[in-house]
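Derivation of every value follows stated rules applied to the coordinates shown; laboratory data play no part. What you see is a predicted model, and the numbers here were worked out from it, not measured in a lab. Using ideal geometry, Cβ is built from the backbone for each residue, glycine included, and neighbour counts are taken over all protein chains shown.
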Amino acid sequence: MIRIPVLRPGFLDPFPPVDSAFREPDGLLAAGGDLSPERLLDAYRHGIFPWYSQGQPILWWSPDPRTVFATDRVHVPTRLKRWLRHCDWTIHADHRFASVMRACAAPRPHQPTTWITAEMFDAYCRLHELGHAHSIEVHDGDALVGGLYGVAVGRMFFGESMFSAATNGSKVALIALCRALHQWGFPLLDAQAASPHLATLGAFEMPRNEFVAHVAKACAQPFPPINWRERWPQPAARELA
């Protein structure tokens with residue numbers, strides 16, 4: 001049985017050095033603690049994020065390898081480019097953060113339960129109020145057809161979850177976010193774990209030690225925690241083609 005250290009609530013720097021991280025289950029560092037803004041931001045600065053199910057203690061992860069996007073090299077497949085040229089969707093940021101989180105938490109055919117618990121929902125909404133958590137929203141008229149949310153610390157963005165209510169909804173959100181992040185000087189977007197869906201858009205794997213070193217450097221670069229509503233370039237989806 002793997003022995004996982006248990007965190008004490010209020011202890012703000014509980015994480016072991018990356019080289020001592022447990023390998024089984026891969027990347028699980030610790031259990032317990034809380035989801036206060038201070039603890040969450042400290043975790044992200046160390047390349048660590050919470051992920052757990054209802055009824056479990058809070059579990060803290062740092063997978064090896066880590067799946068990331070280079071924001072200047074997001075791939076738009078040829079078929080998607082053709083589709084985007086005729087798309088009249090619009091893209092916004094930080095207008096409907098709670099709605100995006102709820103959509104990400106909704107049951108899916110292959111995933112009837114969610115890891116976005118009520119505790120996680122409240123914690124990330126609090127981070128959003130403080131200017132650290134952000135949502136990207138894709139609209140077809142007034143309808144929310146796709147989106148994602150995550151956390152920005154300095155010039156590093158950590159993606160948490162995304163959803164599609166219409167074909168290509170999450171892809172449009174992700175591509176738009178990468179374009180904006182590149183414009184703002186964010187070299188990488190953290191996507192946490194690999195999937196075929198992400199690979200089609202250019203995601204690649206990075207060794208954990210390399211990822212954590214990049215995170216430390218990027219998080220130290222100044223970028224104020226603010227609402228992105230006014231800063232967002234607000235492109236039409238067709239401009240992503």
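Under 5 Å between amide H atoms, partner at least 5 residues away or on a different chain: which partners does Gln221 have, H built in plane at 1.01 Å?
So Gln221 has HN proximity to Arg155.
Would you please give the residues with an amide H less than 5 Å from that of Leu29, counting only those at least 5 places away or on a separate chain, with H modeled from the backbone geometry?
Trp60, Trp61, Ser62
I need the phi-derived Karplus couplings for segment 137-153: 6.51 cos²θ - 1.76 cosθ + 1.60, θ = phi - 60°, integer Hz, Gly and Pro marked x.
10, 10, 10, 10, x, 8, 7, 7, 10, x, x, 7, 9, x, 10, 10, 10
What ranking, highest mean first, results for peptides 71-83, 27-39 when packing means the other Cβ atoms within 10 Å averaged over each residue?
In decreasing order of mean packing, 71-83, 27-39 become 27-39, 71-83.
With the contact rule set at Cα under 8 Å and sequence spacing of 6 or more, what percent relative contact order holds for the chain?
For the chain, the relative contact order is 27 percent.
Where in segment 213-241 does the label zone of His86 land, with the point 7 angstrom along Cα→C-beta and an amide N cut-off under 19 Å?
What the label zone holds, given the 19 Å backbone N cut-off, is 236-241.
How far, in nm, would the chain grow between Asp42 and Ser99 when pulled straight, counting 0.36 nm per residue and subtracting the alpha carbon separation?
In short, 17.9 nm is gained.
What is the gain in length, in nm to one decimal, between Gln183 and Glu239 on full extension, counting 0.36 nm per residue of separation less the C-alpha to C-alpha distance?
18.7 nm
First check a/c for segment 67-240, with a ≥ b ≥ c the square roots of the eigenvalues of its C-alpha gyration tensor; if it is under 1.5, answer rounded, and if not, answer prolate when a/b is larger than b/c or oblate otherwise.
In terms of gyration-tensor shape, rounded.
If r is the Cβ-Cβ distance from Arg73 to Ala31 and R0 is 30 Å, what FRET efficiency results, to the nearest 0.05?
0.25
For segment 131-155, list residues with backbone N below 19 Å from a point placed 7 Å from the Cα of Arg231 toward its Cβ?
Under 19 Å, as judged by backbone N against the label point of Arg231, lie 131-138, 148-155 of segment 131-155.
Tell me which residues come under 5 Å, amide H to amide H, from Gln192 once H is placed; ignore anything under 5 positions away on its chain.
Distant-sequence amide H within range of Gln192: Thr67.
Can you tell me the FRET efficiency between Ala165 and Glu205 if r is taken as the Cβ-Cβ distance and R0 is 25 Å, rounded to the nearest 0.05?
After rounding to 0.05, the efficiency reads 0.30.
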